[in-house]
Amino acid sequence: MEHSKRFERRAERAINRDSFIREWPETGLVIFNSPSDPDPGIRVNGGRITAMDGRPEAEFDMLDRFIARRAIDPAVAEEAMRLDSLAIARMLVDFHVPRAEAIRVVSGLTPAKIVQVVDKLNVVEMMMALQKMRARRTPSNQAHVTNKKENPALLAADAAEAVERGFSELETTVGISRYAPLNALAILIGSQTGRGSALTQCAVEESLGLRLAFLGLTTYAETLSVYGTEQAFRDGDDTPWSKAFLASAYASRGIKVRFTSGSGSEALMGHSEGKSMLYLETRCLMAIKGAGSQGVQNGSISCIALPESLPGGVRGVLAENLIAALLDLELASGNDAMASHSDIRKASKLMLQFLPGTDFIFSGYSSMPREDNLFGGGNFDAEDLDDYNVLQRDMLVDGGVRPVSAPEAAAVRRRAAHAVQAVFDELGLPPISDAEVEAAVAARASGDMPDRDMVADLAAVEEFLRLGRNGLDVIRALARRGFADIAEKILAVQRLRISGDYLQTSAVALPNGQVRSAVNDPNDYAGPGTGYHLSPERLAEISAIPQALEPAEIGIVDGSASRPWLRECHDACPGTDSSEIVIALGPAFGSALGATLLGLPHRDVLAALTGGIRAEGMRPRVVKIYATSDCGFIGHAGAQLSGSGVSIGIQSKGTTVIHRRDLQPLDNLELFPQAPNLTLESYRVIGRNAAKYAKGEPVLPVPTQIDNMARLKYIVKTTILHLRETEQVRKDKPAQEVQFA
């Protein structure tokens, strides 16, 4: 085998730690178009679907029966199924076709027909369709809030910061199932601290999850999993009817419900029946629609590495998101589980939902560091938040998150941690110490938190449930302990349960006690100039990332740095001393500006240059050039004044050139364009080299470093420093002789 060091190095890249396989349709390891997928078809008799996708009613399995009875509109079915699949696909991206009409047509399609329609679209077209077809006009986001120590102070603090950052739903889970009530309590309190108001859930076994909801400790659920084959359903000890019943139990108590599905689960369980992942996921989504759910979290979710191992896997994930929107379901579009070792691949996958926008772009952004995520790690986590905010700012896309400064985060974290501390004390739960509160404010992860007495916590949970403690007890405790603002917000959310307002599709709770949903904020995208656009306030919020500097302040010297240390004596004249090396300074050097791009003080730089010249037995002479800010022309002007004919030209930002009188302005002996790579020693060597050129001695060029990231790091500062240099240009002012101390 041929040996290649380039191939060896690429083999070490993160992308090659991902898994990739070829298609194997017989086992369901194929995204689209398995040979076992049925052809689309339907027969309706007397308003009843009697055949679907190649199966007569007598051969329907449980999913066929459920979908035929509850998820397809027989009044539309025959009309819709007669339409050419390509024509329907074009309807989805044609902004002249209203969303409502596309929804009506899709309501009459079978699973096989829906897959055939979506397969006509490429990835860009799917994104266009998703922008048009999502239910709610305004995108939003959901966060995960967990930690390995299940520390309530840290949970409350992380929840509060997540809501401060704009997340409108928070989901927690547990490492030890009996901790669930305390975890739910902690994020309930945190979710109502500070600016926002978020819905919360605790992902646990369904009966316990339902109990927490009944107690008012959670406000939504999305752990109702469905599957695309009958045997996979049976392995889960469920049917579509039992899931529909459970959803109605939640809804009857004012609890918002989303189901969970995603490509690959049936293949993972060994029950794919040889069908493609997307066909089986479409059956799942139609079962969810038939169960009357508000929506779904899908996008392969925890199985994401399986579809991504196959050709077209990421396209398939986008397709399943789009199908959920076509079925008029609220869509939380995945992006939660770790999708790749490669940062490039993770970000590119995210773009398919981030750019068109979905109801919830993440069905769980890891608001804490990845090692504390009990959902199995996040595709993006707390340490990616600055990246995510910049993505919003770069593209002026609303990703459902806002920038937060460190002081803002600390304030809301402390408030939430103190609030949960007070509630634990008021309700007789194991105490949360002041040390825990302060640790929660500053903690990176649970490793920074003190250990708790787990035995005491778990005993307290049992007593908490035995006494039937509920959301009203939490509200009273907060009000008694001086946290009336948080108590009022929790009470407002409890009132929403009674009104049922957030049982509407794509509902999110707002800080003012109201709800935004597909009812009062319907997606009205109908082409350019329509649909959701950033308001001036949201644009300003997205733009104001804390790390953005005020450009007018860059390069301004403080009072101490601006004290004059260079003294201009008189107009400079051509020199006659052949031992003279002119150092030609840019017009802002040592005056309007005081340091190079790297932060080296101009005084030190000039000392290094003159020291290098003197080390070679030559004499430095300093002049200041006012007629230009261009490095080459500064050096050229200096060379015309130099008795030896050799000069060093230096801009205030540090870019330097060694020039000679007989060369054209843009020609030179040596050029040092990357100022950030020039140290004081570099400038010393530049001075020596200039002297050697003047003496006619052999010169070893100054070693230069190549930094491919220099432009990224310094181009903004370079631009502003050069602007300040150019502001000092005086075309009619002669070069000045300079002395310095």
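Taking 0.36 nm per residue of sequence separation and subtracting the Cα-Cα distance, how much length would be gained by fully extending the chain between Glu568 and Gln231, in nm to one decimal?
That works out to 112.4 nm of additional length.
Put +1 on the Cβ of every Lys and Arg and -1 on every Asp and Glu Cβ in region 303-362; which of Ser333, Pro356, Ser309 then has its Cα farthest towards the positive end of the dipole?
Ser309
Counting Lys and Arg as +1 and Asp and Glu as -1, each charge on the Cβ, what is the dipole of the chain about the Cα centre in debye, to the nearest 20?
1380 debye
How big is D for region 624-741, in µm² s⁻¹ as a whole number, if Stokes-Einstein is applied with the Kirkwood radius of its Cα pairs at 10 °C and 1.306 mPa s?
106 µm²/s
At a Förster distance of 22 Å, what's the computed FRET efficiency of Ala484 paired with Asp434, Cβ-Cβ distance as r, to 0.05?
Result of the calculation: an efficiency of 0.50.
Calculate one ³J(HN,Hα) per residue across region 102-107 by plugging θ = phi - 60° into the Karplus curve 6.51 cos²θ - 1.76 cosθ + 1.60, and present them in order as whole Hz with x for glycine and proline.
Coupling constants for region 102-107: 4, 4, 4, 5, 5, 5 Hz.
For Val44, enumerate residues with amide H under 5 Å from its amide H, sequence gap 5+ or separate chain, H modeled in the peptide plane.
The list, which skips near neighbours in sequence, is Thr50.
Among Thr505, Pro431, Tyr683, whose Cα projects farthest towards the positive end of the dipole of the chain, with charges put on the beta-carbon of Lys, Arg (+1) and Asp, Glu (-1)?
So the residue furthest toward the plus end is Tyr683.
For Ser276, enumerate residues with amide H under 5 Å from its amide H, sequence gap 5+ or separate chain, H modeled in the peptide plane.
Correct list: Ser34, Asp37.
Using modelled backbone amide H atoms (1.01 Å from N, in-plane), which distant-in-sequence or interchain residues come within less than 5 Å of Glu670's amide H?
Sorted by chain and number, the residues that satisfy this are Ile658.
Pull out a ≥ b ≥ c, the square roots of the eigenvalues of the alpha-carbon gyration tensor of region 481-579, then state rounded if a/c is under 1.5, prolate if not and a/b is larger than b/c, and oblate in the remaining case.
Since a/c reaches 1.5 but b/c is at least a/b, the shape of region 481-579 is classed as oblate.
Measure up Lys148/Lys289; Lys132/Lys346; Lys132/Lys713; Lys349/Lys489; Lys132/Lys275; Lys5/Lys120 against 31 Å on the Cα-Cα distance and list the ones that go over.
The answer is Lys148/Lys289; Lys132/Lys713; Lys349/Lys489; Lys5/Lys120.
Quick one: 3J(HN,Hα) in Hz for region 382-399, Karplus 6.51/-1.76/1.60 with θ = phi - 60°, rounded, Gly and Pro as x.
Whole-Hz 3J(HN,Hα) from phi for region 382-399: 4, 7, 9, 4, 5, 4, 5, 4, 5, 4, 4, 5, 4, 9, 6, 10, 8, x.
Counting Lys +1, Arg +1, Asp -1, Glu -1, what net charge surrounds Leu268 among other residues with beta carbon under 14 Å of its beta carbon?
Net local charge, Leu268 excluded: -4.
How high is the FRET efficiency between His341 and Phe7 when r is their beta carbon distance and R₀ equals 22 Å, given to the nearest 0.05?
0.75
Show me the GluC sites (Glu not before Pro) within region 1-51 that DSSP assigns to loop and that have at most 14 other Cβ atoms within 10 Å of their Cβ.
Passing both the DSSP loop test and the Cβ count: Glu2, Glu12.
Angle between the Cα long axis of helix 471-480 and the longest principal axis of the chain, 0 to 90 degrees, nearest 10?
So the helix axis and the longest Cα principal axis differ by about 50 degrees.
Less than 11 Å Cβ to Cβ from Ala325, Lys/Arg counted +1 and Asp/Glu -1: what total charge do the surrounding residues give?
Result for the neighbourhood of Ala325: 0.
By average Cβ neighbour count within 10 Å, what is the ranking of 56-69, 190-203, 164-177 from highest down?
190-203, 164-177, 56-69
I need the shape label for region 587-637. Rule: rounded when a/c is under 1.5, else prolate if a/b > b/c, else oblate, with a, b, c from the alpha carbon gyration tensor.
Because a/c hits 1.5 or more and a/b fails to exceed b/c, region 587-637 counts as oblate.
What is the distance in Å between the Cα centres of region 604-657 and region 83-138?
Comparing the Cα centres of region 604-657 and region 83-138, I get a distance of 67 Å.
What does the charge count around Arg55 come to, taking other residues whose C-beta lies under 15 Å from its C-beta (Lys +1, Arg +1, Asp -1, Glu -1)?
Charge balance in the 15 Å sphere: -2.
For the pair Trp241 and Ile715, how long in nm is the line joining their label points, each one 7 Å along Cα→Cβ?
Here the answer is 6.4 nm between the modelled labels.
Determine the distance separating the Cα centre of region 141-170 from the Cα centre of region 222-247; give it in Å without decimals.
29 Å
Tell me, His570, His659 in order of fewest to most beta-carbon neighbours within 10 Å?
Ranked by crowding around the Cβ, least crowded first: His570, His659.
Sum -39500 (n - 2.57) across every DSSP H segment of at least 4 residues in the chain, then divide by the residue count to get the 222 nm mean residue ellipticity, nearest 500.
It comes out at -12500 deg cm²/dmol, rounded to the nearest 500.
Given Leu671, Gly599, Thr576, which one lies farthest toward the positive end of the charge dipole of region 566-740, if we put +1 on the Cβ of every Lys and Arg and -1 on the Cβ of every Asp and Glu?
Gly599
Based on other C-beta atoms within 10 Å, arrange Ile475, Ile31, Ile715 from fewest to most.
Ordered from fewest to most neighbouring Cβ atoms within 10 Å, Ile475, Ile31, Ile715 come out as Ile715, Ile475, Ile31.
Provide the gained length on full extension for the span Ala548 to Met62, in nm with one decimal, where the gain is 0.36 nm per separating residue minus the Cα-Cα distance.
Between Ala548 and Met62, full extension yields 169.3 nm more.
Mind ordering 178-187, 355-364 by average Cβ neighbours within 10 Å, highest first?
Highest to lowest by the protection proxy: 355-364, 178-187.
Which order, highest average first, do 254-263, 324-333 follow once you tally other Cβ atoms within 10 Å for each residue and take the mean per peptide?
Output ranking for 254-263, 324-333: 324-333, 254-263.
Helix 710-727 versus the longest principal axis of the chain: what angle, 0 to 90°, nearest 10, using Cα atoms?
50 degrees
By counting other Cβ atoms within 10 Å of each Cβ, how are Cys303, Cys284 ranked from fewest to most?
Going from sparsest to densest Cβ surroundings: Cys303, Cys284.
Once fully extended, how much extra length lies between Asp39 and Arg661, figured as 0.36 nm per residue of separation less the alpha-carbon to alpha-carbon distance?
Value of the extension gain: 215.7 nm.
Which angle between 0 and 90 degrees, to the nearest 10, do you get for helix 406-426 versus the longest principal axis of the chain when only C-alpha atoms count?
Roughly 40 degrees, rounded to the nearest 10.
Each residue of region 566-582 in order: what ³J(HN,Hα) in whole Hz does its phi give by Karplus 6.51 cos²θ - 1.76 cosθ + 1.60, θ = phi - 60°, with x for Gly and Pro?
9, 10, 7, 9, 5, 4, 7, 10, x, x, 10, 8, 5, 8, 8, 10, 7
Cα centroids of region 667-698 and region 4-76: how far apart, whole angstrom?
Rounded to whole Å, the Cα centres lie 67 Å apart.
Roughly what % of DSSP beta bridges within region 566-740 run antiparallel, to the nearest 5?
Close to 60 percent.
At Thr530 and Ala100, where each label point lies 7 Å from the Cα along Cα→Cβ, what is the point-to-point distance in nanometres?
With each label point 7 Å from Cα toward Cβ, the separation is 1.2 nm.
Each value in this text was obtained by applying a stated rule to the coordinates, not by laboratory testing. Source: prediction; values computed, not measured. As a convention, Cβ positions derive from the backbone with ideal geometry for all residues, glycine included, and neighbour counts pool all protein chains shown.
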